[in-house]
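Comments concern the structure below.
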Amino acid sequence: MDNRDAISEFLATRRAKLTPTQAGLPDFGGRRRVPGLRREEVALLAGMSAEYYKRLERGNAMGVSDAVIDGVSRALQLDEAEHTHLYDLVRTANAGAHPQRRRPSPRKAQLTPGMQQTVDAMSTVPVFVQNGRLDFVAANQLGRALFSVMLDDAHPPVNAARFVFLDSRAQDFYRDWEGNTRQIVAILRAESGRSPYDRHLSDLVGELSTRSDLFRKLWGAHDVREHRTGLKSIQHPIVGDLDLTYQAMDLATDRGLQMLVFSAEPGSPSHQRLQLLANWAETESHDRRPADAEPR
């Protein structure tokens, strides 16, 4: 993933989405040669020369300051995730040939024993831990049961993006499968800005681009998103439809990892079904337990 191309394509796609009217500029009608704003209009809104902005959109970000990034972000009306992504891209360009990764994401990440104990102790809600590439790292018993379709019989490293785009079962599992495809790509695109020299991430993007036309199309849109909170609507093969909210938290003790905690509204059908899934998971765990491990 070439950094100059990433900066150029990201800015061009953001500029194409913003009309003069949306930007507060007069629109005199007539046919425009480009969709959205012209480069000169972005430069005007950002308070810089047209040549300076053109140089930035060509991918030349060496020496670009935080103030310039802020100005461009305001001009293009970037949201928080997009602003952070632009900052990450420019930071990489300014780092030169020896960048420092802000969030290391090893291929075989593992939780510390203490954190794994904490995850296991959260027995009433599904917990799922992943790295920035969306590789599965760990889960509690209920989390494994919730995502059993993805985790069972899969070859490591299990990856959520690979499941969504390459496993046909994902279209039945996720009731809003199309929405999930866009979310997955936007998360990976943001991670590519944070970790542009992650070879495993580059390999994953290359694999998905080769094997999925949809992924390749969505990747080219350069949309980004932070994975913090939201709703997951799934069709679980054991208990049926579940509507679950999730909260995502970065783990300070295990850098580069993120813990997702899922829950259902108390008293709702999803809450009742989640309890049924917990009972099923406990029964399955008991049945798999060796005979000599049974209490006497």
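Residue 222 meets each of the listed conditions (1) outside any loop (DSSP other than H, G, I, E, B); (2) crowded, with 16+ Cβ neighbours inside 10 Å apart from (1). If I filter region 8-15 for residues that are loosely packed, with under 14 Cβ neighbours inside 10 Å and either of a type outside the set (Phe, Trp, Tyr) or modelled with pLDDT of 85 or more (or both), do I get at least one hit? So far as region 8-15 goes, no, none of its residues is loosely packed, with under 14 Cβ neighbours inside 10 Å and either of a type outside the set (Phe, Trp, Tyr) or modelled with pLDDT of 85 or more (or both). Within region 240-255, none of the residues are surrounded by 14 or more Cβ atoms within 10 Å (Cβ to Cβ), β-branched (Val, Ile, Thr) and either in contact with a Cys (Cβ under 9 Å, 6 or more places away or on another chain) or touching a residue at least 24 places away in the same chain (Cβ under 8 Å) (or both). Inside region 229-239, residues that are among the β-branched types (Val, Ile, Thr), touching a residue at least 60 places away in the same chain (Cβ under 8 Å) and not in a loop (DSSP other than H, G, I, E, B) make up a count of 1. Scoring residue 136 on the criteria (1) surrounded by 14 or more Cβ atoms within 10 Å (Cβ to Cβ); (2) modelled with pLDDT of 95 or more; (3) not assigned by TED's automatic domain parsing to the domain that holds residue 265 leaves a single failure, condition (3).
Looking across region 16-46 at every residue that is surrounded by 18 or more Cβ atoms within 10 Å (Cβ to Cβ) and of a type in the set (A, V, I, L, M), the one that is nearest to residue 222 (Cα to Cα) is identified as 18. Scanning region 164-219 for residues that are assigned to a helix (DSSP H, G or I), exposed (fewer than 14 other Cβ atoms within 10 Å of the Cβ) and in contact with a strand residue (DSSP E or B) (Cβ under 7 Å, 6 or more places away or on another chain) yields a single hit, 172. Tallying residues that are within 17 Å of residue 6 (Cβ to Cβ), aliphatic (A, V, I, L, M) and surrounded by 14 or more Cβ atoms within 10 Å (Cβ to Cβ) within region 47-67 yields 3.
Output the residue which, of all residues in region 108-122 that are in a loop (DSSP other than H, G, I, E, B) and surrounded by 14 or more Cβ atoms within 10 Å (Cβ to Cβ), is modelled with the lowest pLDDT. Here the residue is 109.
The values are calculated or read from the model by the stated rules, or taken from the named source; none is laboratory data. Remember, predicted model here, so these are calculated numbers, not experimental data. Positions of Cβ are backbone-derived with ideal geometry, glycine not excepted, and every protein chain shown enters the neighbour counts.
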